[in-house]
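The values are calculated or read from the model by the stated rules, or taken from the named source; none is laboratory data. Note that the structure is predicted; figures quoted are calculated from it, not measured. Positions of Cβ are backbone-derived with ideal geometry, glycine not excepted, and every protein chain shown enters the neighbour counts.
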Amino acid sequence: MMTLTSYGAAQEVTGSKHLLEVGGSRILIDCGMFQGRRKESRAKNEDMPFDPATVTACINTHGHLDHCGAYPVLVKRGFRGLIWATAATVDVAQLVMADAARIQVADARYLERVLSQNPRDRREVVPPLYDEEDAAQATGLFRPVAYRQPVEIAPGVTATFLEAGHILGSAVVRLDVVDGDQRRTIVFTGDLGRRNTPILRDPDAAPDADWLVCESTYGNRLHDDLAFAQEELAAVVRDTVAKGGRVLIPAFAVGRTQELVWHLHQLNESGRIPAIPVYVDSPMATRATGIFTKHTECYDEETVRRFVDHGESPFRFGALKFTASAEDSKKLNDVRGPCIVIASSGMCEAGRILHHLVRDVGDPRNTILVVGFMAEHTLGRALADRRPEVRIFGEPHRLEARVKILNAFSAHADRNEIGAWVAPMDQARLKGVLLVHGEPVAQASLGDHLRSLGVRRVESLVAGRSVSL
Ligand SMILES: [Zn+2]
């Protein structure tokens, strides 16, 4: 008897947690943080709907917060097994969990201070889900595995990490499971990336599986071509420089920032943009770039040939500067003339990007470049919607800067790209595709598309409802 139950990222996109039960083993694939409306996510993140102490082993597909951010909670609640991941994911997850811990602790302290000064404020201080020590405990249970190297993670359960092409270290995970005379191969896409993205290899094929657990984030969308993105980026920079303005790019510290640096490096080298300074103004992005620089084993052939073979790094060029300290960051205020500033957070909810926005949104010479998904009710969404007025640190500001949106920078495969990855699988063997990590409308569209390509059975996993495999 083998069953799979999803406890997160079932018909939604955050909090990935999928529990595979086979023989006496319980394997948890990803343990991500729920994000979204504060109260609802808090309740979901605190509550583990299964006993963590009974989980035999964990698999982490990649180091994004919505896939690894709840391991410290799992460990606090009694999980004592090992967490298997690629070597790069071990480093990324460590950085992401520690950062999440720091933010939660800082938020709680800040609110405590505010409340102590305003006795009439009725809000309650929410204790952090975990602190840095808890995050370190979880990190200690991670074990690195090489890509394509099968490893037995529990009796009768062998895991193989294949390239997912989504972020550094990301993996499609193949589980070969034996229970008595039953054998099953179950493939989890984690988050599936795209072909031809910079730095990373294309996703590996996983041709033979009995079941595929497949993400569906952009199951109803088609992205712009990546080659087009670089040209657009160059045009934005040239236009803004001609006006004497700055280009502000809110970007996630892990993945998107490094991808932008790679593109700007190319554009700078080939003279397609003027040699203006490029600042990465984020301590987290600076650390993440260190991890990207270290894990050359994750690079695609082109990146190895162009950079590694010459002892160079894709993340270093003359015009590029990382500002680690708060002081360096403040000095950016004095920079005169055109420049490019990349800062987090990606949706402009916190972090240094806010200080840049305060200074730059009111100047029509500047450009705010939107390169990622902006969720509802975020400042990033207000900017993307080009509201005439936006609130930053509670203060109203007129939005006079130009806002440009580039849709081609997605790290997720779109509907056709997922289809092109699933279609070559052995459809006679594939019993079904179970969709996770997507809103219902995206899943419906992807389901239709997969069926049109010859997949016999496609269904969405429902939270808490087990499927027999
Ligand atoms: Zn991801």
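Would a scan of the range 190-197 turn up a residue that is more than 16 Å from the ligand (Cβ to nearest atom) and not aromatic (Phe, Trp, Tyr)?
Step one: of the range 190-197, the residues more than 16 Å from the ligand (Cβ to nearest atom) are 195-196.
So of that shortlist, the ones also not aromatic (Phe, Trp, Tyr) come out as 195-196.
Scanning the range 190-197 turns up at least one residue that is more than 16 Å from the ligand (Cβ to nearest atom) and not aromatic (Phe, Trp, Tyr).
Counting only helices (runs of 4 or more DSSP H) wholly contained in the range 28-131, the ones carrying 3 or more residues that are touching a helix residue (DSSP H, G or I) at 6+ places or on another chain (Cβ under 6 Å), without any contact (Cβ under 8 Å) to a residue 60 or more places away in the chain and surrounded by 15 or more Cβ atoms within 10 Å (Cβ to Cβ) occupy 87-117. Of all the residues in the range 453-469, those that are surrounded by 12 or more Cβ atoms within 10 Å (Cβ to Cβ) and not in a loop (DSSP other than H, G, I, E, B) number 4.
Counting only residues that are within 16 Å of the ligand (Cβ to nearest atom) and either surrounded by fewer than 24 Cβ atoms within 10 Å (Cβ to Cβ) or in contact (Cβ under 8 Å) with a residue 40 or more places away in the chain (or both), the range 163-183 holds 10 of them.
Could you tell me whether any residue of the range 189-196 is in a loop (DSSP other than H, G, I, E, B), within 17 Å of residue 4 (Cα to Cα), within 19 Å of the chain's Cα centre (by Cα) and not small (Gly, Ala, Ser)? Yes, the range 189-196 has at least one match. Can you find even one residue in the range 354-365 that is in contact with a Lys or Arg (Cβ under 7 Å, 6 or more places away or on another chain) and at pLDDT below 90? No, the range 354-365 contains no residue that is in contact with a Lys or Arg (Cβ under 7 Å, 6 or more places away or on another chain) and at pLDDT below 90.
Taking the criterion of being within 16 Å of the ligand (Cβ to nearest atom), at pLDDT 95 or above and β-branched (Val, Ile, Thr), would at least one residue in the range 414-421 satisfy it? Within the range 414-421, one or more residues are within 16 Å of the ligand (Cβ to nearest atom), at pLDDT 95 or above and β-branched (Val, Ile, Thr). All of (1) farther than 26 Å from residue 224 by Cβ; (2) among the small types (Gly, Ala, Ser); (3) within 16 Å of the ligand (Cβ to nearest atom) hold for residue 411 with one exception: (1). Among the conditions (1) exposed (fewer than 13 other Cβ atoms within 10 Å of the Cβ); (2) free of Cβ contacts under 8 Å to residues at least 60 places away in the same chain; (3) closer than 21 Å to residue 209 by Cβ, the only one that residue 424 does not satisfy is (2).
Give me the residue from the range 55-86 that is within 22 Å of residue 284 (Cβ to Cβ) and polar (S, T, N, Q) and, out of that set, farthest from the ligand (Cβ to nearest atom). So, considering only residues that are within 22 Å of residue 284 (Cβ to Cβ) and polar (S, T, N, Q), the one farthest from the ligand (Cβ to nearest atom) is 86.
Beta carbons closer than 7 Å, at least 6 apart along the sequence or on distinct chains, pair a first residue in the range 266-289 that is farther than 30 Å from residue 90 by Cβ with a second that is β-branched (Val, Ile, Thr) and outside any loop (DSSP other than H, G, I, E, B) for 273/237; 274/241; 276/241; 276/340. Of everything in the range 429-443 that is surrounded by 17 or more Cβ atoms within 10 Å (Cβ to Cβ) and closer than 17 Å to residue 9 by Cα, the residue that is nearest to the chain's Cα centre (by Cα) is 437.
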